[in-house]
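Working notes, structure below.
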């Protein structure tokens, strides 16, 4: 018989939540449910170790899984696992962090097989980064990474051996961060099996948010009867006629602003900079773009790369594209290599082909930017 213990008694402090992070939604489903969906078909019973005050909330999520039940946990991970171990009935126990919702069937099966073959199975990955020992923000030692592994869950053991190890640790007053440490100290060196890089743990705010967001914008301006230049991406370009607009008529920047606002889930530029407002008469669109960049920054977003397509029969834009890119890069605070601008005609078709106006399209990729945590600041990062 196989028992799965899912650790769900933690809090959401580092994630910035007021409550338990594994009860928080991820893509519309509580984080805990992802692990339940994997372990329930592969284990004879699933014990969810949770805070006593959350037994009812967790129990409500277990309805689709008849072999799952909540178990009151303790104030530490070790206490929660120990309580679940005492309640478990299986000969083999698998311990998993509910905050690792991307666990796969393969990892669970590999863990079970490792226990059957070697007596234990600890999911782990070889390190790809250099490991440094840090003191007061300074590196004091750099051990060879070949001798280290990044430990994940699930971790599997024979229940009686892991329970015995925990009882000895409790008697000695020792606290461990996970089961592999307890088992190594009081039973034997646990056996590792290869984990998966996608089996990551949700810990910080950015882990619960889409890493990247895409925005799209478009803008069209008709030609006026007079004028000697058009403005595109902040560059004044000689033209037989100017563009009709309340501001400077920079259709490319207006499309980009809408793309940025779209990526942030905000309203369009007409909402924030209405043409009925005299303040924006003849406004420099690059300054308005800077305001939009600031609005996104307040939401923790910044542009990573931009693509703009300008459709116009005239004027000829090729000689000005590099300058246009540089001006955008300066306002967006990204390398000029992250900006693409394409200019083309409409092959004499439609209003653009007839020389009546210009249409611009913009797409932008934005990423979340999060401030350093207090722990990172204390460590000197």
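The values are calculated or read from the model by the stated rules, or taken from the named source; none is laboratory data. Bear in mind that the values here come from a model prediction, so they are computed numbers and not experimental data. Please note: Cβ atoms are built from the backbone with ideal geometry, for glycine as well, and neighbour counts cover all protein chains shown.
Details
- The strands (runs of 3 or more DSSP E) located wholly in the stretch 173-233 that include 1 or more residues which are under 31 Å from the mean Cα position of the chain (by Cα) and assigned by TED's automatic domain parsing to the domain that holds residue 332 occupy 212-222.
- Here is the figure for the stretch 149-166: residues that are surrounded by 14 or more Cβ atoms within 10 Å (Cβ to Cβ) and assigned to a helix (DSSP H, G or I) total 7.
- Only residues that are over 37 Å from the mean Cα position of the chain (by Cα) and in a strand (DSSP E or B) were counted across the stretch 234-250, and they come to 4.
- Residues in the stretch 311-346 that are in contact with a helix residue (DSSP H, G or I) (Cβ under 6 Å, 6 or more places away or on another chain), closer than 20 Å to residue 241 by Cα and surrounded by fewer than 18 Cβ atoms within 10 Å (Cβ to Cβ): 346 alone.
- Check on residue 135, buried (at least 16 other Cβ atoms within 10 Å of the Cβ), in the same structural domain as residue 196 (by TED's automatic domain parsing) and out of contact with any strand residue (DSSP E or B) (no Cβ under 8 Å at 6 or more places or on another chain): no
- From 78, 121, 164, residue being in contact (Cβ under 8 Å) with a residue 24 or more places away in the chain and over 23 Å from residue 51 (Cβ atoms): 121
- When every residue of the stretch 251-260 is checked against the conditions, none turns out to be under 30 Å from residue 101 (Cα atoms) and not in a strand (DSSP E or B).
- Among residues of the stretch 35-60, those that are buried (at least 18 other Cβ atoms within 10 Å of the Cβ) and either farther than 18 Å from residue 100 by Cβ or touching a residue at least 40 places away in the same chain (Cβ under 8 Å) (or both), counted: 13
- Residue, surrounded by the fewest Cβ atoms within 10 Å (Cβ to Cβ), within the stretch 363-381, restricted to residues that are closer than 21 Å to residue 298 by Cβ and modelled with pLDDT of 90 or more: 365
- When 251, 222, 242 are checked against the criterion of being over 30 Å from residue 24 (Cβ atoms), touching a strand residue (DSSP E or B) at 6+ places or on another chain (Cβ under 9 Å) and free of Cβ contacts under 8 Å to residues at least 40 places away in the same chain, 242 stands alone in meeting it.
- Flag if residue 256 is within 18 Å of residue 334 (Cβ to Cβ), out of contact with any strand residue (DSSP E or B) (no Cβ under 9 Å at 6 or more places or on another chain), at pLDDT 95 or above and in the same structural domain as residue 322 (by TED's automatic domain parsing): no
- Only one of 285, 262 that is surrounded by 16 or more Cβ atoms within 10 Å (Cβ to Cβ), within 16 Å of residue 234 (Cα to Cα) and either within 30 Å of the chain's Cα centre (by Cα) or in contact (Cβ under 8 Å) with a residue 24 or more places away in the chain (or both): 285
- In the stretch 20-32, of all residues being under 16 Å from residue 7 (Cβ atoms) and without any contact (Cβ under 8 Å) to a residue 60 or more places away in the chain, the one that is surrounded by the fewest Cβ atoms within 10 Å (Cβ to Cβ) corresponds to 23.
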